[in-house]
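What follows is a single structure, written as structure tokens, with notes after it.
The values are calculated or read from the model by the stated rules, or taken from the named source; none is laboratory data. Remember, it's a predicted structure, so these values are computed and weren't measured experimentally. Here the Cβ positions follow ideal geometry from the backbone for every residue, glycine too, while neighbour counts run over all protein chains shown.
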Amino acid sequence: MAAEPVEESARWQSIVARIHAEDPSGLESFYEEFSPGLRLFFRHHLRSYEVDDQVHDTFLAAAAAIRAGQVKRPEKLPAFLYTIAHRQAAGCIAEAMRRRSEPQAPPEPLTEPPDPEQLAVRRQQRRLVAEVLGKLEPAEREVLVRFYVQEQDAERICQDLALSETQFRLRKYRAKERLSALLRKEMGEERPGDKILLRKKPASGH
């Protein structure tokens, strides 16, 4: 029974070594090992048409990190990969929240490609949001994911989570406020009221 973890660890080490050495077979093995699980992960968290893009971006980010020598413990490769996947999903959540919160505007005509500097800023913003989302309470994070990313109706969320309409609106509002306060704290732009929002809840829950 003890042989299986050792065998897995050897596979992860081989994959990391080959990717680091620019061996194409390393990427092939990496994809074959983890793509089914990643697809299930993103299918659970995101809309179906985003799954392929997110799986692809996750593997690209992971491979780049491996080549840069950032994976110091190859036996932890699965955990490393899914950390990146969580950040990718969180970036989608942030973008979906922005889209759903803004008024709809007519599509802009196709012009020049996006400015690389703007793309870099957006990627940095998504990484920050991903880190901050992980600090929210699970109940808060679930409401944001289901409403903004999966675009579920409020009625369905209320039914699944046993919430009244008022409770749902309050939870969504508080989750967004805490997310905003955490983001401002990370960027050094705290407001006086943020300290109250970031204060831990009392044990009684009141």
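Inspect all residues belonging to the range 177-188 and state whether any of them is of a type in the set (Asp, Glu) and at pLDDT 75 or above.
Quick first cut of the range 177-188, residues of a type in the set (Asp, Glu) only: 177, 186.
With the extra rule that they be at pLDDT 75 or above, the set shrinks to 177.
Checked against the condition, which is being of a type in the set (Asp, Glu) and at pLDDT 75 or above, the range 177-188 yields at least one hit.
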Can you find a residue that is touching a helix residue (DSSP H, G or I) at 6+ places or on another chain (Cβ under 6 Å) and among the polar types (S, T, N, Q) anywhere in the range 55-78? yes
Do we have any residue at all in the range 40-50 that's without any contact (Cβ under 8 Å) to a residue 60 or more places away in the chain, of a type in the set (Asp, Glu) and assigned to a helix (DSSP H, G or I)? yes
